[in-house]
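Quick notes on the structure that follows.
The values are calculated or read from the model by the stated rules, or taken from the named source; none is laboratory data. Treat the numbers as computed from the prediction; the structure is a model and nothing was measured. Cβ atoms come from the backbone with ideal geometry, glycine included; neighbour counts cover every protein chain shown.
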Amino acid sequence: MDNAQKAIMIGVGLFITIIIIAAVMLITGMGQDMLTQGQNQVSNISSSLQAQLTADFDEATVTGAQVITAIKRYYKDETMALIVNNGKGVSSYGKINPNNYTSGNDFTGYGAVQSTTANTPEGVGKLSDASNAKTYVPTTAQFEAHLIKINNSDNVIGIYFKKK
């Protein structure tokens, strides 16, 4: 009888261990699903916020001062490309090269964007240096602003400014 009790106790202990392991696996699976959903929501919120922040530049006419402000705001952003065509040259600011993410038809109609080197951005200080004709942005000049999007999607990766 003593052996039978031990066998029953071992069986009950084994059964409880299996139940605990199953519960832990279930909780872990639910946690991973929640984590994936959370990451997707954060990504969607980030895209929406980026679209809201750049909506002011969607096919709008802006001043040179607004161009300078936009460049100073976004040039360190890892996900933005800023391209300025001041009529005397095309300058790139920002950390990404939009040519890597878009088909050429999305923004090249606005100027010679392919000639920029978006991977090596111009210095922001050159924006107000009138002696540098290529990078100078007059604060009172009018610019056409166009959003650069990934292959006709709503994901904004940059802004293109062209002097009128």
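Overview of values
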{"quantity": "Selection status of THR28, among the hydroxyl-bearing types (Ser, Thr, Tyr) and over 17 Å from ILE150 (Cβ atoms)", "calculated": "yes"}
{"quantity": "Among the candidates LEU26, LEU35, LEU49, residue that is closer than 30 Å to LYS126 by Cα and not assigned by TED's automatic domain parsing to the domain that holds ASN86", "calculated": "LEU49"}
{"quantity": "Any hit, segment 53-63, residues being of a type outside the set (Ser, Thr, Tyr), part of a loop (DSSP other than H, G, I, E, B) and crowded, with 21+ Cβ neighbours inside 10 Å", "calculated": "no"}
{"quantity": "ALA4 vs. criteria among the hydrophobic types (A, V, I, L, M, F, W, C), within 23 Å of THR139 (Cβ to Cβ) and modelled with pLDDT under 90", "calculated": "no"}
{"quantity": "Verdict on ALA4 being farther than 18 Å from ILE157 by Cα and not assigned by TED's automatic domain parsing to the domain that holds VAL124", "calculated": "yes"}
